[in-house]
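First the structure, in the form of structure tokens, and then the observations on it.
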Amino acid sequence: MTELDAEDNKLVVLARGALGRTGGASGAAIRDTDGRTYAAGEVTLTALRLTALQAAVAAALSSGAEGFEAAVVVGGRLSDFGVTAVREVSAEARIIFTDRDGAVFEIVDDSADAADAVSADSGEVRGG
């Protein structure tokens, strides 16, 4: 199992909390370049559909975040369109994917891997 540092473990805890509160399929948390964290679950309204990572990115950006260091997606898929949103703001940000229990199964840490992951599944619901 991959060991995460304390700051990334905090993101796992926040993302699992968002998952638990919303009851959705996934939760996400993101840390901006100032060290502030934002967590979110999926949004599944008729008028608005966002993955948990897209929702966390939106929360961070609407709060003034200018860049990202890392993100965690719990219970999500590598094809999450939120990866593209993170990359648009910070190409170098690390994105960690875990199962619902918080066990890491993938770390995407460069933009080439992220582009491949996003293009791998065109069936994902796009935001916006």
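Quick note: the coordinates plus some simple rules give every number you see, no bench work behind them. Computed from a prediction, not measured in an experiment: that's the story for all the values here. Ideal geometry is used to build each Cβ from the backbone, glycine not excepted, and the neighbour counts take in all protein chains shown.
Projected onto its three principal axes, the C-alpha set of the chain covers 38, 32, 31 Å, listed from the longest axis down. Counting only DSSP H runs of at least 4 residues, each contributing -39500 (n - 2.57), and dividing by the residue count of the chain, the helix-based mean residue ellipticity at 222 nm comes to -10500 deg cm²/dmol. Between the amide H of Thr33 and those of Glu66, Gly67, Phe68, Glu69, distances stay under 5 Å, these residues lying 5 or more places away or on another chain, with hydrogens modeled in the peptide plane. In plain terms, the chain from Leu45 to Glu66 could stretch by 4.8 nm, reckoned as 0.36 nm per residue minus the Cα-Cα distance.
3J(HN,Hα) couplings calculated from phi for region 40-48 with the Karplus curve 6.51 cos²θ - 1.76 cosθ + 1.60 (θ = phi - 60°) are, in sequence order, 7, x, 5, 10, 10, 8, 4, 8, 8 Hz; Gly and Pro show x. Among all stretches of the chain without exposed trypsin sites (Lys or Arg not before Pro) (DSSP loop, at most 14 other Cβ atoms within 10 Å), which one is longest? Counting at most 14 other Cβ atoms within 10 Å as exposed, the longest clean stretch of the chain is 37-99. Applying 1/(1 + (r/R0)^6) with R0 = 25 Å to the Cβ-Cβ distance of Glu106 and Asp34 gives a FRET efficiency near 0.45. Note on region 1-101: antiparallel DSSP beta bridges, both residues inside, total approximately 70 percent of the bridges counted. Sequence-ordered 3J(HN,Hα) estimates for region 63-75 from the Karplus curve with 6.51, -1.76 and 1.60 and θ = phi - 60° stand at 9, x, 4, 10, x, 10, 9, 7, 9, 10, 10, 9, x Hz, glycine and proline given as x. Sparsely packed loop sites in region 1-96 (the GluC sites (Glu not before Pro) outside DSSP H, G, I, E and B with at most 14 other Cβ atoms within 10 Å) comprise Glu3, Glu66, Glu92. Within the listed set Gly20, Gly41, Gly76, the Gaussian network model of the chain (springs between alpha-carbon atoms below 10 Å) gives the highest mean-square fluctuation for Gly20.
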